[in-house]
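Participant: Questions regarding the structure given below will be posed in turn.
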Amino acid sequence: MSAIDRRTDTVGLLEGIATTRAIRRFRPDPVTDEQLAAVLFAATRAPSGSNRQPFRFLVLRDGPRAREAKALIGEHARRFWAAKRDADGYDRGSGVTADSPKARLAQVMQRFVDEFESVPVVVLAGLVRYREPGPHEGASIYPACQNLLLGARAIGLGGVMTQWQAMAEEPLRALLEIPDGVGLHATIALGHPEGGHGPVRRRPLGELVYEDVWGQSPRWAVDPPGTRHTQAGPPRA
């Protein structure tokens, strides 16, 4: 019986979807082989185009190449975050107030990139290409990535998906012997959360769901009672 089988009575599917937070702070506790098998099994149950199952997952823990790969990704992640922190004004406006959402996110992100090499597990999500690259191929890898995160949530782990592999792709490919015909689509940090999961905050359902025509929200698009929302969203024109 897998770790997921033993815990299905603790986290229902809809509850898991509504409470799977992006986890960027991890305890040093190791992730066991059994736990990895459980979350990767969940990942590989995802749908894919023509059921070809082109997804592949390269797990990096504490081997010599894994440590080197984490260092490569961490170095580029710190550069990326430094540029984003400045460009998006995380240290301006409400960012100067220590307990504001903006400041708290900046603190969490800074710690995440500073300590990236100590993340217990990093999973590189790849896709074995059988035709020319295109926007369609994300449909055969990102559902598996979400399944991985939901599987982690089900057994008490947590994680977050990034695109940081793209900034170190060439040296990562050489180091990890990744063939040219494999597209790298995500870097997933995984481990035991420092803190925990809880209800995620999103925009109200009525702002995100339309019916019949674009921009027309249906009357039934109403959040469950007690839902809390966020003000975050894309820049408005």
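The values are calculated or read from the model by the stated rules, or taken from the named source; none is laboratory data. These numbers come from a predicted model, not from an experiment. When we count neighbours, we look across all protein chains shown, and the Cβ atoms used for this are built from the backbone with ideal geometry, even at glycine. We work out accessible area using only protein heavy atoms, side chains counted, and drop any ligands, DNA or RNA first. Shrake-Rupley method; radii C 1.70, N 1.55, O 1.52, S 1.80 Å.
Participant: How would 86, 212, 114, 29 line up by accessible area, probe 1.4 Å, largest first?
Facilitator: From most exposed to least exposed: 212, 86, 114, 29.
Participant: How much FRET efficiency would the formula 1/(1 + (r/R0)^6) give for residue 67 and residue 221, where r is the Cβ-Cβ distance and R0 is 45 Å, rounded to 0.05?
Facilitator: That gives a FRET efficiency of 0.40.
Participant: At a temperature of 4 °C and a viscosity of 1.567 mPa s, determine how fast segment 102-202 diffuses translationally according to Stokes-Einstein, using the Kirkwood radius over alpha-carbon pairs as Rh; express D in µm²/s, rounded to the nearest whole number.
Facilitator: This corresponds to a translational diffusion coefficient of 85 µm²/s.
Participant: Another question, if that's okay. In the chain, if the dipole is taken from +1 on Lys/Arg beta carbons and -1 on Asp/Glu beta carbons about the Cα centre, which of 53, 20, 198 is farthest to the positive end?
Facilitator: 198
Participant: Then there is this: Tell me, what is the 1.4 Å probe accessible area of residue 80, in Å² to the nearest 10?
Facilitator: Rounded to the nearest 10, the figure is 90 Å².
Participant: Tally Lys/Arg at +1 and Asp/Glu at -1 over every other residue whose Cβ is under 13 Å from the Cβ of residue 141; what's the total?
Facilitator: Local net charge: +2.
Participant: While we're on this one: Evaluate the distance, in nm, between pseudo-label points positioned 7 Å from the Cα of residue 91 and of residue 130 along their respective Cα→Cβ axes.
Facilitator: 5.0
Participant: Which order do you get for 17, 73 if you rank them by accessible area with a 1.4 Å probe, largest at the top?
Facilitator: 17, 73
Participant: Sticking with this structure for a sec: With contacts defined as alpha carbon pairs under 8 Å and 6 or more residues apart, what's the relative contact order of the chain in percent?
Facilitator: Relative contact order comes out at 30 percent.
Participant: Given charges of +1 on the Cβ of Lys and Arg and -1 on the Cβ of Asp and Glu, with all other atoms neutral, how large is the dipole of the chain about its Cα centre, in debye to the nearest 20?
Facilitator: 380
Participant: Accessible area per residue, 1.4 Å probe, Å², for segment 157-230: what's the number?
Facilitator: 58
Participant: If I ignore ligands, DNA and RNA and count only protein heavy atoms, how much of residue 92 is accessible to a 1.4 Å probe, in Å² to the nearest 10?
Facilitator: 130
Participant: While we're on this one: Once ligands and nucleic acids are excluded and a 1.4 Å probe is used, how much of residue 136 is accessible, expressed in Å² to the nearest 10?
Facilitator: Accessible area, nearest 10 Å²: 80 Å².
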